[in-house]
Amino acid sequence: MEAIRRINSSVSFEVVSFVPEWFFQESLPGGVNYFPFDNDVGVVQVTPFLEDLPATVERLKSLVPFRGERIQYLAQHLTKAGSQAVICDIAPMGIAAAKQAGIPSVLIENFTWDWIYEGYLEQEPRLGQFLSSLAAAYDAADFHIQTQPICYKKTCDLSVSPTSRSPRTSRAQVREILGVLPESAMVLVTMGGIEQIYPALKRLVEYENVTFILPGSNSTFARQDNLILLPHHSQFFHPDLVHASDAVVGKLGYSTIAEAFHAGIPYGYVPRNQFRETTPLASFVKEQMGGIEIKGHRFESGDWVDQIEELLQQPRVTRNEKNGAEQIAEFLIRELKIPIQSQQD
């Protein structure tokens, strides 16, 4: 959305999601109308590293297969909003609603939920009842885009590089606001947008030559020794924090990978061993980025700081390739026939 708006600032978006409204307003100021609607389950998580599969099944039962009245309700909303297309980030309900509304649909993914659920069938066989409905919903998309790192390659209309939001504030400015010297080592510890009480903070304090930034770790901005604790929703745009850092440590997840990739900084990743996405994501980090694995028990105990020097010694990489967001925007501008604004406009 951000990349499309850079090409044509008059394009507006109707965001259908249960993700908090502030996230979209912060990511794309202006031109966003928020419509809270439960359209995706994913995997219910107890913690950033622990899934609740029985709860996932129960939530899926309420949505899949997609019921006619919900699809009709959503399609009517899209029609009233004057929507010309539906872009779905993995969530397939929008594809069905787009068909009902008679407008094109675009699926953007690096995995689909039916593929993820297949990886849990031994633990929770009841997930199998949803696979065919989800696969059929995905197959109905008019355009299919896959973003690197791709977990399961399929025939698609476009394959692009890692896709992320772009930073807005310079590295120097962010560090100045945080009170971190330009030459100081700074490490961002992130759970990918999930609030987290970080254990063993005393271990981090031992590395007084490194400043650790911990979003979602406190109700307000606070500084404790070499730790900077931030609320879940802070004044800092997450991509700005990534690009101002020398390394990232946290849960292995797509958004963090994509932002760290384009920042060219190393990634100390904590795998989610039961999650099927983990293996291809970890391979991408090892092959395409400077990164090291941090075992879950070491992250919990704080012993991962013993690996901090190894992580910071990984080389930074200057990226010349386009962000996948730009590639997708150019594709959609062309295929959906969105006008390109002139420089005068």
If I filter the range 137-160 down to residues being surrounded by fewer than 15 Cβ atoms within 10 Å (Cβ to Cβ) and of a type outside the set (D, E, K, R), which single residue comes out as nearest to Gly324 (Cα to Cα)? Thr155
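Which one is surrounded by the most Cβ atoms within 10 Å (Cβ to Cβ), of the residues in the range 44-75 that are within 22 Å of the chain's Cα centre (by Cα) and among the charged types (D, E, K, R)?
Start the filter on the range 44-75 by keeping residues that are within 22 Å of the chain's Cα centre (by Cα), which leaves 44-53, 56, 59-60.
Filter once more, keeping what is among the charged types (D, E, K, R): 51-52, 59.
Details: Glu51: 19, Asp52: 15, Arg59: 17.
Filtering the range 44-75 for residues that are within 22 Å of the chain's Cα centre (by Cα) and among the charged types (D, E, K, R), the one surrounded by the most Cβ atoms within 10 Å (Cβ to Cβ) comes out as Glu51.
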State yes or no: is Arg165 part of a loop (DSSP other than H, G, I, E, B), of a type in the set (Lys, Arg) and surrounded by 16 or more Cβ atoms within 10 Å (Cβ to Cβ)? yes
Look at the range 35-70 and say how many of its residues are at pLDDT below 95, among the aliphatic types (A, V, I, L, M) and out of contact with any Phe, Trp or Tyr (no Cβ under 7 Å at 6 or more places or on another chain). 6
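Among the residues of the range 20-30, is any crowded, with 19+ Cβ neighbours inside 10 Å, within 29 Å of Lys337 (Cβ to Cβ), touching a helix residue (DSSP H, G or I) at 6+ places or on another chain (Cβ under 6 Å) and not assigned by TED's automatic domain parsing to the domain that holds Leu281? Before the answer, list the steps.
Residues of the range 20-30 that are crowded, with 19+ Cβ neighbours inside 10 Å, as a first pass: none.
Among the residues of the range 20-30, not one is crowded, with 19+ Cβ neighbours inside 10 Å, within 29 Å of Lys337 (Cβ to Cβ), touching a helix residue (DSSP H, G or I) at 6+ places or on another chain (Cβ under 6 Å) and not assigned by TED's automatic domain parsing to the domain that holds Leu281, which makes the answer no.
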Looking only at the range 130-149, decide whether some residue is out of contact with any strand residue (DSSP E or B) (no Cβ under 9 Å at 6 or more places or on another chain), closer than 26 Å to Leu188 by Cα and in a loop (DSSP other than H, G, I, E, B). yes
Is it the case that the range 291-310 has a residue that's crowded, with 19+ Cβ neighbours inside 10 Å and in contact with a His (Cβ under 9 Å, 6 or more places away or on another chain)? no
Please pick out the residue among Ser166, Ser170, Ser161, Ser132 that is over 12 Å from Glu109 (Cβ atoms) and modelled with pLDDT under 95. Ser166
If you take the residues in the range 76-105 that are charged (D, E, K, R) and more than 17 Å from Phe18 (Cα to Cα), which one is surrounded by the fewest Cβ atoms within 10 Å (Cβ to Cβ)? Lys80
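Residue by residue through the range 234-256, note down the ones that are among the hydrophobic types (A, V, I, L, M, F, W, C) and either in contact with a helix residue (DSSP H, G or I) (Cβ under 6 Å, 6 or more places away or on another chain) or under 17 Å from Val305 (Cβ atoms) (or both). Before the answer, list the steps.
Looking only at the range 234-256, we keep the residues that are among the hydrophobic types (A, V, I, L, M, F, W, C), and these are 236-237, 241-242, 244, 247-249, 252.
Residues satisfying the conditions are Val242, Ala244, Ala247, Val248, Val249, Leu252.
The values are calculated or read from the model by the stated rules, or taken from the named source; none is laboratory data. Not measured: the values here are computed from a predicted model. With ideal geometry, Cβ positions are generated from the backbone for all residues, glycine too; neighbour counts draw on all protein chains shown.
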